[in-house]
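Q: This is the structure, below, for whatever I ask next.
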Amino acid sequence: QVQLVESGGGLVQAGGSLRLSCAASGRTFSNYAMGWSRQAPGKEREFVATISGRGRTTYYAASVKGRFTIARDNAKNTVYLQMNSLNPEDTAVYYCAAGGTVSTTARRYDYWGQGTQVTVSS
């Protein structure tokens, strides 16, 4: 089992930045690919970004590429999502997830955090 706890969400104005963190516990963190997904009200959960166990490979959704950066610190068992140039369409609950391999498909991840709300005002 892997336990994931997200933090760092909040309210920000359009054009602003936030950094989300996800602390993991339970098993060897570097064995897992980590991903971020988000779910807006009335919409399906969508993939945002993923990073491989050693951090060498990353993928991003087209909607966030160039604005968001995923990174991990295996010594701290933490993955981050730096979000810049935020716009109201980024408003959603953001979820951290862990899985056996990098994937751009949200449902392929095995473990999920409880989510953190990000709200971007116009």
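Q: If you go through the stretch 15-26 one residue at a time, do you hit one that is touching a Pro at 6+ places or on another chain (Cβ under 7 Å) and open to solvent by 20 Å² or more (accessible area, probe 1.4 Å)? Full working, then the answer.
A: Here is the first cut: in the stretch 15-26, the residues touching a Pro at 6+ places or on another chain (Cβ under 7 Å) are none.
Within the stretch 15-26 (the criterion being touching a Pro at 6+ places or on another chain (Cβ under 7 Å) and open to solvent by 20 Å² or more (accessible area, probe 1.4 Å)), the answer is no, since none of the residues qualifies.
Q: Go through (1) at pLDDT 95 or above; (2) open to solvent by less than 60 Å² (accessible area, probe 1.4 Å) and name the single condition Ser30 misses.
A: (1)
Q: Looking at the stretch 90-109, can you tell me whether even one residue there is surrounded by 14 or more Cβ atoms within 10 Å (Cβ to Cβ), within 11 Å of the chain's Cα centre (by Cα) and basic (Lys, Arg)?
A: no
Q: Which one is farthest from Val118 (Cα to Cα) among residues in the stretch 39-57 that are surrounded by fewer than 17 Cβ atoms within 10 Å (Cβ to Cβ) and touching a Ser or Thr at 6+ places or on another chain (Cβ under 7 Å)?
A: Within the stretch 39-57, the subset surrounded by fewer than 17 Cβ atoms within 10 Å (Cβ to Cβ) is 39-44, 46, 52, 54-57.
If we keep only those that are touching a Ser or Thr at 6+ places or on another chain (Cβ under 7 Å) too, we end up with 40, 46, 54.
Values: Ala40: 10, Glu46: 14, Arg54: 27 Å.
Across the stretch 39-57, the extreme among qualifying residues is Arg54.
The values are calculated or read from the model by the stated rules, or taken from the named source; none is laboratory data. Remember, it's a predicted structure, so these values are computed and weren't measured experimentally. Please note: Cβ atoms are built from the backbone with ideal geometry, for glycine as well, and neighbour counts cover all protein chains shown. Protein only, heavy atoms only, side chains kept; ligands, DNA and RNA dropped before computing areas. Shrake-Rupley method; radii C 1.70, N 1.55, O 1.52, S 1.80 Å.
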